[in-house]
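*Asks:* Before I ask anything, here is the structure I am working with.
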Amino acid sequence: MAVYKKTEKGMDELLAARPQIDARLVSVLILVDGQRDSAEVNRLAKEVSLPADALDILFRGGFIDKKFKGAAEPADAKTEPRRPPMASKPADASTRLKGFNSLYSFLVEETKALLGLRGFIFQLRIERATTLLELKALIEPIGQAVSKKHGFEIAKNFMHESERLAVSAIAERDL
């Protein structure tokens, strides 16, 4: 299993107003955080029907690199012949907004329910977030706070559902 990190090219792609790669690949690129191994990224990607060979495509495109040199070969790609990623179908503004709002609502409600007054600062940060990437960046710190207050299992459930909503919302973006 390899652990991947985003390269400068990968970060530029995420921050670009109109990314050059397929929306589904952008979703997988967001999952690459330098902590999850390739098996975990592939499992999360599979849950929302993202390409099985996405890590391999991102690695060969220079968007991600191994975190530790000398690690296992890139991606647990299948032996099926490679197909170019399909272009995403255009999404209307309401579809894109729906994904953002789903993640936003989930984070606000769960932060309120799980952290109470301790989550006030997180709620302010959620309310200031204007992009999916800003919301996605809040998932881990909120999860750590939930873990401290309620334990690993509840934090794991929070993180899993948050990641699922984030990936779904990003996959629906019109790129």
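Readers should treat all values here as calculations from the given coordinates under stated rules, not as data from a laboratory. Computed from a prediction, not measured in an experiment: that's the story for all the values here. With ideal geometry, Cβ positions are generated from the backbone for all residues, glycine too; neighbour counts draw on all protein chains shown.
*Asks:* Could you tell me the calculated FRET efficiency between Glu140 and Glu109, based on Cβ-Cβ distance and R0 = 22 angstrom, to the nearest 0.05?
*Replies:* In this case the efficiency is close to 0.75.
*Asks:* Roughly how big is segment 4-66's charge dipole about its Cα centre, with Cβ charges of +1 (Lys, Arg) and -1 (Asp, Glu), in debye to the nearest 20?
*Replies:* That gives segment 4-66 a dipole magnitude of about 20 debye.
*Asks:* Mind ranking 39-46, 16-23 by how tightly packed they are, going by the mean number of other C-beta atoms within 10 angstrom, highest first?
*Replies:* 39-46, 16-23
*Asks:* Please report, in debye to the nearest 20, how large the charge dipole of segment 93-171 is about its Cα centre when each Lys and Arg carries +1 at its beta carbon and each Asp and Glu carries -1 there.
*Replies:* With Lys and Arg at +1 and Asp and Glu at -1, about 100 debye.
*Asks:* So which of Lys46/Lys149; Lys6/Lys149; Lys46/Lys112; Lys112/Lys136; Lys9/Lys136; Lys9/Lys148 end up more than 28 Å apart by C-alpha?
*Replies:* Lys46/Lys149; Lys6/Lys149; Lys46/Lys112; Lys9/Lys148
*Asks:* Dipole of segment 93-171 (Lys/Arg Cβ +1, Asp/Glu Cβ -1, origin at the Cα centre): which of Gly116, Leu165, Asn101 lies farthest to the positive side?
*Replies:* Gly116
*Asks:* Fewest to most neighbouring Cβ within 10 Å: what's the order for Thr131, Thr7?
*Replies:* Ordered from fewest to most neighbouring Cβ atoms within 10 Å, Thr131, Thr7 come out as Thr131, Thr7.
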